[in-house]
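Okay, structure first, notes after.
The values are calculated or read from the model by the stated rules, or taken from the named source; none is laboratory data. All of these numbers come straight from a predicted model, not from anything done at the bench. Note that each Cβ is placed from the backbone with ideal geometry, even for glycine, and that neighbours are counted across all protein chains shown.
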Amino acid sequence: MTTLIAVGAQWGDEGKGKLVDWLAPQAELIVRFHGGNNAGHTLVVDGEQTVLHVVPAGVLNPGTINLIGPGVVVDPDILLEELDALTARGVLKDPSRVRVSGRAHVILEWHRALDKAREEDRRGKAIGTTGRGIGPAYEDKVTRRGIRIADLLDAAALREAIERLVEQKNFELTEYYKWDPVDVETIYARAVEWGRRLEPYVDHTERILDRALRDGKNVLFEGAQGNFLDIDHGTYPYVTSSNCVAGAVCAGAGVGPTKIDRVLGITKAYTTRVGGGPFPTEETGALGEELRKAGAEFGATTGRPRRCGWLDAVMLREAATVNGYTALAMNKLDVLAGLDEVKIATAYRVDGKLTEEFPVTPAEIERAEPVYESHAGWSGDLTACRAYDELPQAARDYIERVEALVEVPVDVISIGPGRDETITRKPPFGG
Ligand code: IMP
């Protein structure tokens with residue numbers, strides 16, 4: 001039995017979905033433990049593209065059970081849309097392969113409205129949220145007034161809760177933000193319908209997880225977003241509203257820390273960010289554009305162009321410390337092919353002072369000037385490589401330099417979106 005956590009080491013979009021789908025045949029359970037449909041995983045299997053926002057990316061593998069744990073915030077419309085599409089394609093034969101915690105909180109219409117109203121109100125300082133209502137839904141959870149999936153199954157209690165909440169939310173929406181109110185009857189009718197349709201999927205996911213661990217099964221925990229979007233460890237306030245670090249698995253899925261074996265940090269071979277906030281190695285000129293084009297760097301959830309830049313070892317070292325990575329997976333190495341020179345930031349200069357530590361405040365991070373190390377580039381089509389030795393020497397030197405800087409081995413290298421476009425130096429589940 002091995003438990004493996006796969007989490008993003010940067011600002012999300014590191015290619016976690018591809019790796020989870022690739023690892024899924026070795027796991028019986030795939031578990032999401034935080035975030036919601038702000039995540040977007042693009043999977044390419046046999047040339048067919050699937051985008052998932054809520055359902056774990058392991059679902060395309062017929063042998064897996066996919067859990068949506070208590071730490072996730074669920075937009076039932078999106079979840080049902082994904083379940084319907086997977087059922088229509090014959091991927092899901094019945095509800096048994098997707099189980100949803102009754103403890104997971106529900107994203108409602110007012111959460112989306114408040115998300116957008118607040119972003120507008122921030123004017124020049126917008127976070128650039130995905131507008132999916134994630135922050136306001138976590139806010140209701142933490143202030144102990146949220147509605148959970150299990151509540152959708154109790155129509156009478158649900159009505160009372162919605163009426164009370166709509167009164168408060170409409171006050172804030174209309175009086176403070178001058179936004180349109182939301183309607184109790186519409187929300188209530190939809191919520192009852194969600195409860196009816198989701199009931200076959202609702203389960204005690206912690207118990208399923210516990211049983212799998214007792215039976216010695218492999219379990220894969222699927223992270224969303226990334227270390228630098230974590231509410232505590234990210235570039236606050238330009239972050240999401242959940243903990244994205246490996247430690248969040250324990251609370252968000254309901255499993256003890258003694259049960260965790262391995263943590264795989266996922267990074268791109270370069271860096272991207274979508275939304276606002278500081279980004280020390282960002283390239284705003286031609287190189288950024290080149291990376292965006294070569295890497296098709298547009299958000300899977302919002303379609304927004306991603307900001308692009310060089311790999312940042314200061315960030316990766318910080319993420320390795322906070323998450324306790326036992327290995328790294330480096331995605332999209334193929335995208336860097338064809339550049340004469342590739343760079344890695346090894347330190348920053350902040351106000352003239354050299355530092356190897358990631359700064360705390362957005363202002364300091366904004367002022368951080370990366371200190372770069374330059375490496376020879378490589379050329380050719382990497383997508384045909386299947387073994388580490390088949391990669392060009394310069395690409396191997398780059399990977400090995402990253403290992404030395406971060407002090408974590410790069411065990412997996414992805415050189416294309418397909419399942420087989422993956423090089424394994426050491427299998428993440430062991431063995
Ligand atoms: P929210 O999670 O929608 O509140 O957005 C907060 C910040 O996190 C914004 O900068 C988003 O662009 C970013 N974000 C949220 N989810 C993802 C993701 O899955 N990939 C990349 N960025 C994300």
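Restricting the first member to segment 350-372 and to residues that are free of Cβ contacts under 8 Å to residues at least 24 places away in the same chain, and the second to residues that are loosely packed, with under 13 Cβ neighbours inside 10 Å, the beta-carbon pairs closer than 9 Å and six or more apart or on different chains are Glu364/Asp351; Arg367/Asp351.
Filtering segment 386-420 to residues that are touching a strand residue (DSSP E or B) at 6+ places or on another chain (Cβ under 7 Å) and modelled with pLDDT under 95 leaves Arg386, Pro417, Gly418, Arg419. Number of residues in segment 174-194 that are touching a helix residue (DSSP H, G or I) at 6+ places or on another chain (Cβ under 6 Å) and assigned to a helix (DSSP H, G or I): the value is 6.
When segment 1-14 is limited to residues that are farther than 23 Å from Val274 by Cβ and assigned to a loop (DSSP other than H, G, I, E, B), the one that is farthest from the ligand (Cβ to nearest atom) turns out to be Met1.
Strands (runs of 3 or more DSSP E) fully within segment 368-424 that include at least 3 residues being within 21 Å of Ile344 (Cα to Cα) and aliphatic (A, V, I, L, M): 410-414. Taking the criterion of being in contact with a strand residue (DSSP E or B) (Cβ under 7 Å, 6 or more places away or on another chain) and polar (S, T, N, Q), the only residue of segment 180-206 that qualifies is Thr205. Where strands (runs of 3 or more DSSP E) fall wholly inside segment 279-365, the ranges with 3 or more residues that are under 28 Å from Ile231 (Cβ atoms) are 307-309, 327-331, 341-350.
Being out of contact with any Phe, Trp or Tyr (no Cβ under 8 Å at 6 or more places or on another chain), surrounded by 15 or more Cβ atoms within 10 Å (Cβ to Cβ) and assigned to a helix (DSSP H, G or I) is the filter here, so list the residues in segment 82-113 that pass it. Within segment 82-113, Glu82, Ala85, Leu86, Arg97, Glu109, Trp110, His111, Arg112 meet the criteria.
The single condition among (1) surrounded by fewer than 22 Cβ atoms within 10 Å (Cβ to Cβ); (2) within 19 Å of the chain's Cα centre (by Cα); (3) among the basic types (Lys, Arg) that Arg132 does not meet is (1).
Condition check ((1) within 16 Å of the ligand (Cβ to nearest atom); (2) β-branched (Val, Ile, Thr)) across all residues:
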{"position": "Asp203", "(1), (2)": "no, no"}
{"position": "Lys217", "(1), (2)": "no, no"}
{"position": "Gly254", "(1), (2)": "no, no"}
{"position": "Lys259", "(1), (2)": "no, no"}
{"position": "Gly275", "(1), (2)": "yes, no"}
{"position": "Thr284", "(1), (2)": "no, yes"}
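With respect to being surrounded by 15 or more Cβ atoms within 10 Å (Cβ to Cβ) and farther than 30 Å from Tyr325 by Cβ, Val249 falls outside the description. Residues in segment 218-243 that are farther than 18 Å from Ile68 by Cα and among the aliphatic types (A, V, I, L, M): Leu229, Ile231, Val239. Scanning segment 134-159 for residues that are within 16 Å of the ligand (Cβ to nearest atom) and either touching a Phe, Trp or Tyr at 6+ places or on another chain (Cβ under 6 Å) or β-branched (Val, Ile, Thr) (or both) yields Ile134, Val142.
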